[in-house]
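Reviewing the structure listed below.
The values are calculated or read from the model by the stated rules, or taken from the named source; none is laboratory data. Please read these numbers as outputs of a predicted model, since none were measured by experiment. Here the Cβ is made from the backbone with ideal geometry for all residues, glycine too, and neighbour counts use every protein chain on show.
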Amino acid sequence: MPGALRFVLGDQLSRAITSLDGLNPALDVVLMVEVAEETSYVGHHKQKIALIFSAMRHFAEVLREEGIRVDYVALDAPGNTGSFGGELKRAVARHQPDAVFVTEPGEWRVLEMIQDWREELPVPLHLVPDRRFVCSREEFLAWAHGRKAYRMELFYREMRRKTGLLMQDGEPEGGQWNFDHDNRKALPKGVAPPDRGGFAPDAITQEVLALVARRFPENFGDLEPFRWGVTREDALAALESFVSEALPFFGDYQDAMKTGEPFLFHSLISPYLNLGLLDPLEICRAAEQAWREGTAPLNAVEGFIRQIIGWREYVRGIYWLEMPDYAKTNVLGATRKLPWFYWSGETELNCLKQCVGDTRRHAYAHHIQRLMVTGNFALLAGIAPVEIEEWYLAVYADAYDWVELPNTHGMVMWADGGLLGSKPYAASGAYIDRMSDYCGACAYDVKAKAGNAACPFNYLYWNFLIENEAKLGRNPRMAMPYRTLARMTPARRDEIASDAQAFLASLHSS
Ligand code: FAD
Ligand code: DLZ
Ligand code: SF4
């Protein structure tokens, strides 16, 4: 009697994934495939490929230990066709199932492929919803319906009410929804972040590291030292050490940046969460418990929970609400090619050099490094959204289209015209100087506003406002800088434009 073929994609590594619902170990087969198409749709960081392959192989072992039959096609397996579709067809021919189950993918690109498979396969394909999120796609649609603007803060309050996280009799704990005014301090001298040693590679990971070294030698980033966990147990250990050692300071130093310390008090859990090794609610409940037990303060715990049930769920909602047209907008008309230093890290701008360096070494940079350094520069320099989106999708271990795209396209590049964030996060060098130690070791002078020695962020910031005045000048949240701009003399405006043009002309894209 034939059973079902249950196709588990590389970022669906959860025992609770819906494609495994009702699995009959006596009849069904789980299919997992390593394919060239997925390793090459962007030039992923070496550690990202290693993490995904090793986590996939470990997950297959977990299922096998439960007595489940797993058909696992490794990248180097003979006959591997190199695509999801090709491997699914071969597996259907091998196992002759009566149906195929697959959980909704995280990317529009893959969803489109699945529509084609439906037509091509000789058996029915059941696409089942992904329940690993607090807010379903339908629920987000209902929330968004009829609103003129979608604002994360209002969505977040709904999620607090829905989950009961940090709630007391229908009201937010501490009498406020958001404690950001207590957060976001610069890192004082002498405050040392906890050691984030990571996980030693086991035999499976070592095999994968050798495969990645052999097959992807030219990809971006260092492969080793490889510090990521690759199993649910590892991910739970990482969560536990974050909650006990870093969470208490998460809020205070969430926006701080320090040379050689990309992790600071951040959780480093996004790769695990996005792969399916952790569940968003279990993470938030662990953080909430720390507050209830008195080991972490409310400003830290609320700020952390907001990132997960607020921002993460919100960007996913926007992605599925607005795709595929979302990716095509370019409201500010930015067209510049990505400067080569995003890949090489070779630049005199020390903040960019440090953030790209951290990214190369760890396939990680924290949110403010992404938003206010590499992102801010791309915005001010008028980099084409597709160019910078490809970079973010490639270089981080946690990067998948559903979460990377809204963050880059909407939050960083404002290419959606304000659908996701009410104003662009544009900032001059003063912000970076306040929140980091980068400027002290930079070839440029962060205090200087004009000329060769001046910090490029300073004149690029005003140049950005001048060039986009027609689109941003009437934005109430931009009123203050535009008032300052209005007071500038024509000579000062010309100086800004000429400094910006000279600097931008010096950038090379290869
Ligand atoms: P922490 O600072 O400890 O935060 C806790 C968790 O909150 C994260 O693990 C993450 O799951 C969630 N979170 C925080 N901010 C966001 C956000 N803006 N959007 C979604 N989730 C959030 N995150 C990804 O998971 N994948 C991406 O591809 C990605 N691309 C980004 C691109 C840009 C340009 C920017 C500005 C941000 C991007 N982010 C992305 C969001 C955020 O930077 C990362 O989630 C975070 O840095 C991961 O590190 P952490 O786990 O230590 O996070
Ligand atoms: C990112 C990625 C990579 C590099 N390789 C694979 C792979 O070989 N097999 C696989 O199942 N998944 C991989 N992934 C993750 C997929 O791109 C991800 O599952 C889809 O983006 C889901 O939409
Ligand atoms: Fe970056 Fe400017 Fe500071 Fe240099 S001076 S590190 S370019 S912000």
> Quick check: is even one residue across the range 338-361 among the polar types (S, T, N, Q) and within 12 Å of ligand 1 (Cβ to nearest atom)?
Replying inline: yes
> Has the range 375-385 got at least one residue that is within 16 Å of ligand 2 (Cβ to nearest atom) and among the aliphatic types (A, V, I, L, M)?
Replying inline: no
> Residue check: is residue 333 free of Cβ contacts under 8 Å to residues at least 60 places away in the same chain, more than 25 Å from residue 475 (Cα to Cα), more than 16 Å from ligand 2 (Cβ to nearest atom) and out of contact with any Phe, Trp or Tyr (no Cβ under 8 Å at 6 or more places or on another chain)?
Replying inline: no
> For the range 366-389, does any single residue satisfy the condition of being in a loop (DSSP other than H, G, I, E, B) and out of contact with any strand residue (DSSP E or B) (no Cβ under 7 Å at 6 or more places or on another chain)?
Replying inline: yes
>> Going residue by residue through the range 393-406, is there one that turns out to be crowded, with 24+ Cβ neighbours inside 10 Å, in a loop (DSSP other than H, G, I, E, B) and not aliphatic (A, V, I, L, M)?
In response: yes
> Somewhere in the range 67-75, is a residue at pLDDT 95 or above, in a strand (DSSP E or B), among the hydroxyl-bearing types (Ser, Thr, Tyr) and farther than 17 Å from residue 234 by Cα?
Replying inline: yes
> Taking the range 133-158 only, how many residues are in a helix (DSSP H, G or I) and more than 20 Å from the chain's Cα centre (by Cα)?
Replying inline: 9
>> For the range 90-147, give me each residue that is away from ligand 1 (no atom under 16 Å from the Cβ), touching a Leu at 6+ places or on another chain (Cβ under 9 Å), among the small types (Gly, Ala, Ser) and under 18 Å from residue 406 (Cα atoms).
In response: 144
>> Just checking, does the range 346-365 include any residue being out of contact with any Leu (no Cβ under 9 Å at 6 or more places or on another chain), within 16 Å of ligand 2 (Cβ to nearest atom) and touching a residue at least 24 places away in the same chain (Cβ under 8 Å)?
In response: no
> Among the residues of the range 1-23, how many are touching a Pro at 6+ places or on another chain (Cβ under 9 Å) and more than 16 Å from ligand 2 (Cβ to nearest atom)?
Replying inline: 3
> Which residues, taken from the range 60-84, are under 27 Å from residue 327 (Cα atoms) and either of a type in the set (Lys, Arg) or surrounded by 17 or more Cβ atoms within 10 Å (Cβ to Cβ) (or both)?
Replying inline: 84
>> List the residue pairs whose Cβ atoms are under 7 Å apart, where the first residue sits in the range 436-461 and is more than 20 Å from residue 378 (Cα to Cα), the second is within 16 Å of ligand 1 (Cβ to nearest atom), and the two are 6 or more positions apart or on different chains.
In response: 437/258
> Does the range 75-83 include one or more residues that are within 31 Å of the chain's Cα centre (by Cα), of a type in the set (Ser, Thr, Tyr) and within 16 Å of ligand 1 (Cβ to nearest atom)?
Replying inline: no
> Taking residue 412, is it within 14 Å of ligand 1 (Cβ to nearest atom) and either among the basic types (Lys, Arg) or surrounded by 24 or more Cβ atoms within 10 Å (Cβ to Cβ) (or both)?
Replying inline: yes
> Given the conditions (1) of a type in the set (Gly, Ala, Ser); (2) more than 10 Å from ligand 3 (Cβ to nearest atom); (3) within 22 Å of residue 349 (Cα to Cα), and given that residue 470 satisfies all but one, which numbered condition is not satisfied?
Replying inline: (3)
>> I'm trying to understand the selection: among the residues of the range 14-53, which are part of a loop (DSSP other than H, G, I, E, B) and under 13 Å from residue 393 (Cβ atoms)?
In response: 41, 42, 43, 44, 45
> Got a sec? Which of 239, 209 is assigned to a helix (DSSP H, G or I), touching an Asp or Glu at 6+ places or on another chain (Cβ under 9 Å) and either within 30 Å of residue 346 (Cβ to Cβ) or of a type in the set (S, T, N, Q) (or both)?
Replying inline: 209
>> Looking only at residues that are surrounded by fewer than 17 Cβ atoms within 10 Å (Cβ to Cβ) and in a loop (DSSP other than H, G, I, E, B) in the range 113-132, which one is nearest to the chain's Cα centre (by Cα)?
In response: 131
